[in-house]
Amino acid sequence: MALSPREPRKDGEATRTRILQAAGELFAALGYAEASNKAVAAKAEVDLASINYHFGSRNGLYLAVLDEARRRFLDISDLQRIILDAQPATEKLRALVDLVVRKASQSRNNWHLRVLAAEILAPSPHGQAHLQADRPLKLTLLKGLFSEISGIPVDDPALAPSILCVTAPWAMLLIGPRSPASSLHDILGMPAEAVSAQLYSFALAGLQEVGRQYAQAKGN
């Protein structure tokens, strides 16, 4: 019986997904420099031609892995959905923290965040530029939210340290080392609601305090 037009496409998508999964695991474990297409093909149980067909090159495969990892990390659509919502700024902050904690808890045993951590610690030739592509928009969204809470104007340099202070713990939670001996391992073993509540309390209090200091310095 002849195959329907849909069947080859489904099989092709399944092959692509299998290659992406195998590549992600190897890039996470070995890094960009050490994970060869040959190793990926062997792990995915495909031939090298399949990698070239679906991703064009080793670099194309790696960028696809980074895209998938970034989507699991904190995608621009996540920020837009939360920050552009009509709810109060404090509730947006709470929703954002809840999302970060949930993603960190869900990702303890997969490759996605480990790939991002490996790229940050040992940058590949094209990975950093690829990851930074949507950074300006993410920064604009975060500035808008933090400005609304703190009262510091979006274009004032005084807002920049607040962004670092609030988001650094989020980044550590998402891509920090997860070995049993690490403090992060213990934190991720706590109830997600407790971790989220503490991160939110610190972030909100910090933004409100720097806003108070800013207003005081301006004589308001």
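Brief remarks on what is shown
- With R₀ set to 22 Å, the beta-carbon distance separating Ser183 from Leu121 gives a calculated FRET efficiency near 0.75.
- Each Lys or Arg adds one and each Asp or Glu takes one away; over the other residues whose Cβ falls under 15 Å from the Cβ of Asp75, this sums to +4.
- Entries of Lys103/Lys138; Lys43/Lys103; Lys138/Lys218 with Cα pairs more than 23 Å apart: Lys43/Lys103; Lys138/Lys218
- Calculated on the alpha-carbon coordinates, the convex hull of segment 6-66 measures out at 68 cubic angstrom per residue.
- Residue order, fewest to most beta carbons within 10 Å, for Val40, Val210: Val210, Val40
- Rg/Rg_globular for segment 115-220, with Rg_globular taken as 2.2 N^0.38 Å and Rg from C-alpha atoms: 1.28
- Qualifying GluC sites (Glu not before Pro) in segment 26-125, where qualification requires a DSSP coil assignment and no more than 11 other C-beta atoms within 10 Å, comprise Glu34, Glu45.
- Candidate values (i) 28, 18, 16; (ii) 30, 24, 15; (iii) 39, 19, 17 were compared with semi-axes √(5λ) of the Cα gyration tensor in Å computed on the shown model; the agreeing label is (iii).
- Along segment 97-106 the Karplus relation, 6.51 cos²θ - 1.76 cosθ + 1.60 evaluated at θ = phi - 60°, assigns HN-Hα couplings of 5, 4, 5, 4, 5, 5, 5, 5, 5, 6 Hz to successive residues, with x for each Gly and Pro.
- Mean-position separation - Cα centroids, segment 180-220 and segment 107-166, in angstrom: 17 Å
Where a number appears in this text, it was derived from the coordinates with a stated rule and is not lab data. All figures in this text were calculated on a predicted structure; none of them were measured in a lab. Ideal geometry is used to build each Cβ from the backbone, glycine not excepted, and the neighbour counts take in all protein chains shown.
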